[in-house]
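Novice: There's a structure below that I have some questions on.
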Amino acid sequence: MKVNYKILIKILLFAFILLFSINNSYSQFGKNKVQYKYFDWKYLQTKHFDIYFYQEGYPLAEFAAAVAESSLVSIINNTEFHIANRIPIIIFNSHNEFQQNNIIDEFLPEGVGGVTELFKNRALIPFEGNYEQFRHTIHHELVHAFMNDVFYGGSVQNIIAKNITLVFPMWFSEGMCEYLSLDGLDKGTDEYMRVGIVNDFIPPLEYIYGYLSYRAGQSFFAWISSYYGEYKIAELFRNIKTFGDVDVGFKETFKLDIQEISEKWLRELKKNYWTDITDREEVTEFSKQLTDARRTGGFYNISPVISPQGDKFVFISNRDDFFDVFLADVNTGQVIDKIIEGNTTANFEELQVLTPGVSWSPDGSKIAISVKAGDQDAIFLVDINSGRETRLPVSLNSISYVEWSPVNNKLALVGTNNKQSDIYIYDLNTKKLDNLTNDIFSDLNPGWSPDGKYIYFTSDRADYTDPALIPKDFKMWEHDLNTKNLYKIDVTTKKITRETNSRNVNDSYAQFGTDTSRYLYVSDISGISNIYMKYTDSSGTVIDKPITNSLNPIDQITLSKDGKKLLFVSLHNGAYEIFSINNPFEKNLYLNSLKPTRLVSEKYLKPDSTGISKSDSLNLPEDSTENYINKTIITDSSYAITSDSVSYLDSGKTNLTNNNDSLLISDSIFTESKIDSSKIYGEDIKINLNKRKGLPDSLSKAIKTDSIDYQNNPNFQVAENLNPDRTFKINNYKVRFSPDYVYGNALYSNFYGLQGYAQLSLSDMMGNHRLYFLSSMVIDFQNSDFAVYYFNFPHRIDYGFGAFHTARFVIFNKGHGDNLYRYRNIGMTFNASYPLSRFKRFDASLSLLRVSKENLDDSSEPIERKYLATPSISFVHDNTLPGLTAPIKGSRYNISLLASPKFTKDGVGFSSFLFDFRRYFKLADDFTLAMRWAGGASFGPNPQRFYIGGTENWINYNFENRTIPISNIEEFIFSQPGFPLRGFNYDRAAGSKYTLGNIEFRYPIIKYLILGILPIGFQDIMAVTFLDAGMAWSDNNSLKPITKIDGRYRTKDLLIGMGFGTRQIFLGLPLKFDIAWNYNLQKFSPPFYYFSLGLDF
């Protein structure tokens, strides 16, 4: 077949121009990652880990060192594999500071408790005030890093170089991490899976994704271990490693494929959990349901708080997609008003749904709420009637669980500063903040006694109720982190008294009515979180008994002031709902205790169990309520890299790929399997059970099994990592670049000579400094593309600069024939971005260009050259909620000024104003109305040229005048399209000014389709019905949108197009097909057909 190279060159040139135009269009939006703080990084080294920390973070790093080494031993013992490379662990003092990291380009919302990425196999872990959660996250992330190292060689580059195709399903990677980090099945997952089986919302493994991957995956591997034996986990790893395929690994290990073993697992779960129904009540049997996610949408209705008058309550819900605060009737659950709209403004960036803090003022006129607002958490007082917001001057790394005193103007709260969380009191009158507990222990869930004299709270402090009794050499990693009991503290004397005293349980949310001698609280002592009442009877005997026997876990209880109405949160039909109980203090089950679950009986009540009772209560292990909610009330951290690219990634940085495993207060994983250790390390490699090299004396006792001594692997030969006193030596962080990926290809052609392309990405450990090299070689230097860029991210102002060379070719007809022209662009560029908040920023850039136009067919024609400078500045707003292929809710806009001063005689001089406003209305699930208004105006001796018509990346395109709309250097560099205007060809109208409006109704047409003939499936095929209208002009006086011909109105300069189309992501590509007609107010044109790539505005 003969190739028409003239047409091919035209296509390539126009594709290049469109590419850069579209990239600029996409990058103009997106939320921001704001670096509010400069981090002065340090690091310490253990045998196998480099642990990075910053200001005041050494105690957390020391804790992480002990946990990491101990966790590695556990992981190796369970999988029988070893790591080949050191693993970096980056510790953050708070979740707010964790969100400022530059390693992961995506913004990490609340609910993401840790991340492991694959470029350098780094684990990023924040401390959120709860040491058991911190320990769990460290272990979980290390399983990810461990599997990355074993299966993928610890880097993206290794995957590329070795063409590794192994992919773990999310339920495997996340489930394995949870299974190994929580020592099998824990009570939180057991509770979740029980309800899931009874309510029938647990699908087979092959259909599990999102948050369910954590819980179901953990349950599955715990069942594997119990049913087949723990050794089967290591055998499964070995077979997956050997065959490089998860499906084959299961078949080899269990002689069953994933579908078959999934059916067996679900069948066993039903046998185990259905028997619980006879011994317990479902939540709807003993309480009234006030919210219904199936009717209102969303899945989270949490944090209910009853007003002092007892007639209303506030709660947090995502029924409108974002997390908002609603006011509702306490008897019916009917929503009265939306008090706070979250996730869209700087004041209410996040509502802390994992550690909610909402409370009423004593007079019922205001609520206090803890939120994320910028660099720190904050407390806002919000007037219920007017909506007026007042921020309190409280400065702590994180704030949660705010409780207003029932008798005065004081707030109790949990505050975290660096290494500890404490109970604080903030006096609204004096504006003073007082730390009541001020110790290393994790304190949670404060609640006032009715007289305001005491605060009841949850803590892991055991018997350390007196600060004077805490040893000076106390090590938190040696402490029992699984036991969280109730305590009370005298707000005057600060004396702490222990209220409950059972090991390995989670007691929380003490709530009083009018009587100070009795209260209700939540405990998971039986294995399911239920409500208990504690009081002293007339004989002086302390009674502690359950008042509910729920099959569904109960959490976040709240009592009315008179004690006659109780609200709580429970998992029901796959959603978190709010329920009510009347007169809870009068309920009597005639039981002194509840029957323990099978998990509790088998794991914690055996003779060899560590759950030794300190009282008459049962003793069981479990995570804190915060951990429980973290494992249940969270959102999916999967990121879809769709386009308007930055906005979907929620990032203000340059994103390369999405290779991150994030812990939804946990984290997801690339895993690894088994290999003969001698083949990696040599014959002498062994697990050394006698030496603990590389750890200071203070940590060695924390390692339950001895550290692994890799004799022959130089990566683990750490020198001088300890001080003479056997403490860790602290090293200053230095910027050292290392490759993230290197990729290239080259070939030689007899006709075109050397051709090839290459990409190289380098960055430092913190991702603060990045270098990119790109090249595309064609024949020689003059015909090739190459670029080098540097980006700097550690400060609030992000900036970058670079140099580039591009060569593009176009054919012009000179009257006597076609001539081939080459446009060369050599230049430098500087970009900077200053975020005002997560939702608003200023962008600025400056480009210095040397552009030439050369006739390659006629050397007698002089080469045209121009030297250009183009400064620009933009203001960007974006608070949209992303959907599958476009935003579904919120707004975004960009207002820009662009100029090119004419500083030479033959220069180009203009100034341009451009704008782009977009608004999205979610009408129902998957139904969206999108509206857009964009335009621009250019002024000066050489105004910028705008052309309208067509759509982005139109594959079967047509030009209005059958030629590319470029004739000179100015148009090559500065011409800008206005898209989409369907129903017309490219370049239908052009001028120095333009305006364009779009309205689109987007809706699904096929959710899932399997063809009967071919094994091909289609899913999430969307449709769009659209109306486009626009104008482009230069002379305002001659502009005439509509004219009248023969007494009838027709369009003149106004262009109107309408039609419909389909959208689908197929093989990772966003495919679009549109049919459109233009309309002149009298008739429609023949149809235009658009096959294109890309995402909608």
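Novice: Step by step: first the residues of the range 124-133, then only those that are touching a residue at least 60 places away in the same chain (Cβ under 8 Å) and crowded, with 24+ Cβ neighbours inside 10 Å, then the one that is nearest to residue 477 (Cα to Cα). Which residue is that?
Specialist: For the range 124-133, the residue satisfying everything is 131.
Novice: Check 337, 363 and return the single one that is in the same structural domain as residue 305 (by TED's automatic domain parsing), part of a loop (DSSP other than H, G, I, E, B) and over 29 Å from residue 835 (Cα atoms).
Specialist: None of the others qualify; the one that does is 363.
Novice: When you scan the range 808-824, do you find a residue that is within 30 Å of residue 892 (Cα to Cα) and not charged (D, E, K, R), even just one?
Specialist: There is no residue in the range 808-824 that is within 30 Å of residue 892 (Cα to Cα) and not charged (D, E, K, R).
Novice: Follow-up. So residue 438 fits all but one of (1) assigned to a strand (DSSP E or B); (2) surrounded by fewer than 21 Cβ atoms within 10 Å (Cβ to Cβ); what number is the exception?
Specialist: The one condition residue 438 does not meet is (1).
Novice: Let me ask you something else. Restricting to the range 771-829, and then to whatever is more than 20 Å from residue 852 (Cα to Cα) and of a type in the set (A, V, I, L, M, F, W, C), can you tell me which residue is surrounded by the most Cβ atoms within 10 Å (Cβ to Cβ)?
Specialist: By that ranking, first place goes to 793.
Novice: Could you please let me know if residue 1051 is hydroxyl-bearing (Ser, Thr, Tyr) and touching a residue at least 40 places away in the same chain (Cβ under 8 Å)?
Specialist: Judged against the criteria, residue 1051 is not a match.
Novice: In this structure, is residue 554 more than 27 Å from residue 331 (Cα to Cα), within 34 Å of the chain's Cα centre (by Cα) and among the hydrophobic types (A, V, I, L, M, F, W, C)?
Specialist: Against the criterion (more than 27 Å from residue 331 (Cα to Cα), within 34 Å of the chain's Cα centre (by Cα) and among the hydrophobic types (A, V, I, L, M, F, W, C)), residue 554 does not qualify.
Novice: Could you tell me whether residue 853 is within 24 Å of the chain's Cα centre (by Cα), surrounded by 15 or more Cβ atoms within 10 Å (Cβ to Cβ) and either touching a residue at least 24 places away in the same chain (Cβ under 8 Å) or within 26 Å of residue 1029 (Cβ to Cβ) (or both)?
Specialist: no
Novice: In the range 189-211, how many are under 20 Å from the mean Cα position of the chain (by Cα), buried (at least 23 other Cβ atoms within 10 Å of the Cβ) and not hydroxyl-bearing (Ser, Thr, Tyr)?
Specialist: 1
Novice: Answer yes or no as to whether residue 152 is surrounded by fewer than 24 Cβ atoms within 10 Å (Cβ to Cβ) and in contact with a helix residue (DSSP H, G or I) (Cβ under 6 Å, 6 or more places away or on another chain).
Specialist: So residue 152 passes the test.
Novice: For residue 86, work out the one condition from (1) in contact with a strand residue (DSSP E or B) (Cβ under 9 Å, 6 or more places away or on another chain); (2) more than 30 Å from residue 342 (Cα to Cα); (3) buried (at least 24 other Cβ atoms within 10 Å of the Cβ) it doesn't fulfil.
Specialist: So residue 86 meets the others, but not (3).
Novice: Could you tell me whether the range 814-828 includes any residue that is over 25 Å from residue 345 (Cβ atoms), touching a helix residue (DSSP H, G or I) at 6+ places or on another chain (Cβ under 6 Å), in a strand (DSSP E or B) and at pLDDT below 90?
Specialist: no
Novice: Here's another thing I want to ask about it. So, of the residues in the range 510-520 that are touching a Ser or Thr at 6+ places or on another chain (Cβ under 7 Å) and touching a residue at least 60 places away in the same chain (Cβ under 8 Å), which turns out to be farthest from residue 183 (Cα to Cα)?
Specialist: Once the filter is applied, the top-ranked residue is 516.
Novice: Please go through the range 466-479 and give me each residue that is loosely packed, with under 15 Cβ neighbours inside 10 Å and either in contact (Cβ under 8 Å) with a residue 24 or more places away in the chain or among the small types (Gly, Ala, Ser) (or both), ordered by number.
Specialist: 466, 467, 468, 470, 473, 474, 478
Novice: Could we say that residue 253 is hydroxyl-bearing (Ser, Thr, Tyr), surrounded by 17 or more Cβ atoms within 10 Å (Cβ to Cβ) and assigned by TED's automatic domain parsing to the domain that holds residue 174 here?
Specialist: yes
Novice: Residue 66 versus (1) over 26 Å from the mean Cα position of the chain (by Cα); (2) more than 17 Å from residue 729 (Cβ to Cβ): which is the lone unmet condition?
Specialist: Single failed check for residue 66: (2).
Novice: Taking the stated definitions as given, is residue 898 at pLDDT 95 or above, closer than 23 Å to residue 1036 by Cα and not acidic (Asp, Glu)?
Specialist: yes
Novice: What's the number of the only condition in (1) at pLDDT 95 or above; (2) among the hydrophobic types (A, V, I, L, M, F, W, C); (3) surrounded by 20 or more Cβ atoms within 10 Å (Cβ to Cβ) that residue 107 fails to meet?
Specialist: (1)
Novice: Here is a list: 344, 332. Which entry is touching a strand residue (DSSP E or B) at 6+ places or on another chain (Cβ under 8 Å) and either of a type outside the set (A, V, I, L, M, F, W, C) or crowded, with 23+ Cβ neighbours inside 10 Å (or both)?
Specialist: Answer to the check: 344.
Novice: Further question: Across the range 186-206, what is the total count of residues that are within 20 Å of residue 144 (Cβ to Cβ), part of a loop (DSSP other than H, G, I, E, B) and touching a helix residue (DSSP H, G or I) at 6+ places or on another chain (Cβ under 6 Å)?
Specialist: 0
Novice: Right, another one. Taking the condition modelled with pLDDT of 95 or more, in a strand (DSSP E or B) and within 31 Å of the chain's Cα centre (by Cα), does residue 1060 pass?
Specialist: no
Novice: When only residues in the range 722-746 that are surrounded by 11 or more Cβ atoms within 10 Å (Cβ to Cβ) and over 28 Å from residue 103 (Cβ atoms) count, which is modelled with the highest pLDDT?
Specialist: Per the criteria, the residue is 723.
Novice: Out of the range 274-292, which residues are modelled with pLDDT of 95 or more, not in a loop (DSSP other than H, G, I, E, B) and not charged (D, E, K, R)?
Specialist: 283, 284, 286, 289
Novice: Only residues that are surrounded by 14 or more Cβ atoms within 10 Å (Cβ to Cβ) and not hydrophobic (A, V, I, L, M, F, W, C): list them for the range 376-399, please.
Specialist: Of everything in the range 376-399, those that are surrounded by 14 or more Cβ atoms within 10 Å (Cβ to Cβ) and not hydrophobic (A, V, I, L, M, F, W, C) turn out to be 376, 377, 383, 389, 397, 398.
Novice: Which is closer than 26 Å to residue 557 by Cβ and among the polar types (S, T, N, Q), of 370, 395?
Specialist: Exactly one of 370, 395 is closer than 26 Å to residue 557 by Cβ and among the polar types (S, T, N, Q), namely 370.
The values are calculated or read from the model by the stated rules, or taken from the named source; none is laboratory data. Predicted model, so just to flag it, every value in this text is computed and none were measured. Positions of Cβ are backbone-derived with ideal geometry, glycine not excepted, and every protein chain shown enters the neighbour counts.
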